[in-house]
Ligand code: SF4
Ligand code: SF4
């Protein structure tokens with residue numbers, strides 16, 4: 001039986017540095033800080049040993065500029081990749097891209113030292129893999145099936161206090177608005193706690209559970225998400241937004257339609273990149289096509305030539321073997337599940353998703369400077385939570401950079417002060433579903449929100465649809481959200497996630513409404529042209545004095561010192 | 001259809017599956033065996049399957065993911 005506590009009686013943890021989300025970024029940040037003697041706590045909703053994107057494995061880590069690729073080349077590539085989603089111009093902070101390249105080798109030393117398996121046993125060297133987008137061998141192929149147990153063990157070895165099965169509810173701020181910790185909830189025992197900290201890094205991935213999961217049963221969590229569903233409920237996005245951080249490009253949701261529908265079997269990473277050979281995209285007739293953007297997808301559909309497939313039949317035997325190793329490294333059970341469906345991984349034509357959105361990846365996130373510090377004092381972000389970041393390599397690098405600053409930062413940061421009246425409000429909100437007898441289950445609510453995102457944003461956006469969608473979200477909030485019900489701590493966790501998914505969806509609709517143009521994969525039927533004046537502008541949602549605001553902000557320029565040293 | 005099945009005869013109750021499931025969808029029954037409690041929330045990551053020292057977990061894709 002769970003009971004609702006009083007704010008004054010809950011358990012209080014104290015530390016200098018709080019890491020929210022114990023994935024690749026979170027563990028790397030925590031290890032680095034703890035090594036330097038900083039008292040560090042990790043809040044992890046699942047179990048650090050198997051949580052986050054790499055919990056079930058990973059086969060490649062990006063990116064380490066080499067082979068004549070300068071840091072400036074790298075930042076150009078890094079930004080270019082985002083043009084697929086957002087169209088021409090910089091839609092993120094280029095200094096972040098620069099620092100990821102510039103510090104990558106330094107970070108790699110740490111990863112080696114901490115025992116992350118970076119080299120291959122057979123020749124004790126890195127296995128350099130060509131980055132499919134960039135065409136250069138700057139990614140490292142890894143056997144990361146067991147990387148998370150290594151990270152979790154290292155965290156404990158260096159004295160990080162790991163609070164598993166404990167999710168952040170909200171961030172705490174002091175009277176000056178500085179972030180000074182978080183409220184937390186144990187998803188198995190139902191226990192509520194407060195973590196006081198001088199600095200917080202949020203690394204809980206992005207938001208993707210606002211779109212349906214490509215199954216006829218909307219509530220199901222399909223492998224489609226690639227990222228682990230627990231971490232893509234936008235917990236960090238929402239918490240950072242609520243304390244005043246800028247949440248960027250919430251209009252440009254991802255529709256990377258080269259995602260494989262049959263992805264239950266084969267994760268995409270191993271096929272798209274490779275040792276110089278890429279998968280071949282083709283239309284329904286088997287005619288080769290280039291990498292399909294959203295616009296091309298539309299044309300293929302209009303010509304009656306969909307679905308689109310990807311094949312790896314042309315791989316030679318050596319690379320077929322290597323690809324199967326990649327698949328197993330990313331998710332060991334894949335080939336077993338594939339066999340159940342009668343797939344031959346070598347000859348199967350992998351059907352791609354139809355042209356649909358599936359959440360936010362890469363181009364959306366919290367605005368930070370190149371030290372991964374947000375606009376809010378005391379708040380840093382890492383990994384996919386950061387605007388412009390996506391993938392485990394950037395996650396590790398960003399985490400190490402944040403961890404590296406903590407000794408100095410915490411030495412002068414203000415002591416945390418807790419506002420217990422606020423904590424009581426959070427407690428009241430978290431436990432309310434326990435007292436609801438005849439309300440809505442969190443999964444039904446989540447399905448409804450996802451379906452509204454699909455129907456009223458979808459691939460082809462228009463003002464009328466957005467207005468209708470917002471109206472429906474508004475009535476959901478009024479009639480159903482206050483009556484979420486839960487009996488177990490697990491269900492209470494889902495209720496908090498649903499709140500975050502809901503809030504992120506509203507920002508998504510608002511941001512889409514504000515962008516009166518089409519660009520990249522953002523397609524508005526009522527504004528079909530790109531507005532070149534918006535190139536190099538980031539859309540930022542921010543809570544100012546309790547009011548939602550959206551503005552287009554000019555993307556920062558690459559700093560002159562980086563332009564000089566990065567050649 | 002049960003998508004994650006545990007063979008109790010072989011299970012040694014080591015709880016590796018229950019401890020590590022990233023979606024927290026397994027629970028422990030009165031006899032101390034783990035079982036899939038939240039069927040719809042399993043995402044087929046295979047972590048329980050690959051961590052089980054007795055190989056007594058089977059994962060099957062349901063019709064809705066075909
Ligand atoms: S497959 Fe993954 S999500 Fe499903 S029960 Fe096993 S560990 Fe949990
Ligand atoms: S991991 Fe296997 S042996 Fe251990 S409790 Fe689970 S099913 Fe039983």
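From its DSSP helices (H runs of at least four residues, each -39,500 (n - 2.57)), the protein assembly as shown gives a residue-normalised ellipticity at 222 nm of -10000 deg cm²/dmol. Neighbour counting of Cβ atoms within 10 Å sorts the residues A:76, A:285, fewest neighbours leading, into A:285, A:76. Per q in 0.26, 0.33, 0.35 Å⁻¹, report the Debye log10 I(q)/I(0) for region A:190-231, using one uniform scatterer on each alpha carbon and no solvent. Rounded to two decimals, the profile gives -0.91, -1.20, -1.28. Computed extension gain for residue A:564 through residue A:133, at 0.36 nm per residue and net of the alpha carbon distance, reaches 152.6 nm. Peptide A:228-238 has a mean shielding of 2, counted as Cβ atoms of other protein chains within 10 Å of each residue's Cβ. Here r is the Cβ-Cβ distance between residue A:554 and residue A:371 and R0 is 30 Å; the resulting FRET efficiency, rounded to 0.05, is 0.90. Counting neighbouring Cβ atoms within 10 Å and putting the fewest first, the residues A:19, A:457, A:333 line up as A:333, A:457, A:19. Counting 0.36 nm for each residue step from residue A:336 to residue A:175 and taking away their Cα separation leaves a gain of 52.5 nm.
How would you classify region A:376-504 from its alpha-carbon gyration tensor, with a ≥ b ≥ c the square roots of the eigenvalues: rounded for a/c under 1.5, else prolate if a/b is greater than b/c, otherwise oblate? Taking the square roots of the gyration eigenvalues as a ≥ b ≥ c, region A:376-504 is oblate. Would region A:167-209 count as rounded, prolate or oblate if I go by the C-alpha gyration tensor, calling it rounded below 1.5 in a/c and otherwise prolate when a/b exceeds b/c, oblate otherwise? Because a/c hits 1.5 or more and a/b fails to exceed b/c, region A:167-209 counts as oblate.
Please label the shape of the protein assembly as shown as rounded, prolate or oblate, based on the square roots a ≥ b ≥ c of the eigenvalues of the alpha-carbon gyration tensor (a/c under 1.5 means rounded; beyond that, a/b larger than b/c means prolate, else oblate).
Judged from the Cα gyration tensor, the protein assembly as shown comes out rounded (a/c under 1.5).
Take the alpha carbon atoms of region A:21-68, find their center, do the same for region A:76-135, and report the distance between the two centers in whole angstrom. Spelled out, the Cα-based centre of one part sits 15 Å from the other.
The distance between label points at residue A:420 and residue B:55 comes to 5.7 nm (points 7 Å beyond Cα on the Cα→Cβ vector). Relative to the current alpha-carbon distance between residue A:346 and residue A:455, full extension at 0.36 nm per residue lengthens the span by 35.6 nm. What percent antiparallel are the DSSP beta bridges of the protein assembly as shown, to the nearest 5? Antiparallel: roughly 70 percent of the beta bridges in the protein assembly as shown.
No lab work stands behind these numbers, since they all come straight from the coordinates. Keep in mind it's a predicted model, so treat the numbers as computed, not measured. Glycine gets a Cβ as well: all are built from the backbone with ideal geometry, and neighbour counts include every protein chain shown.
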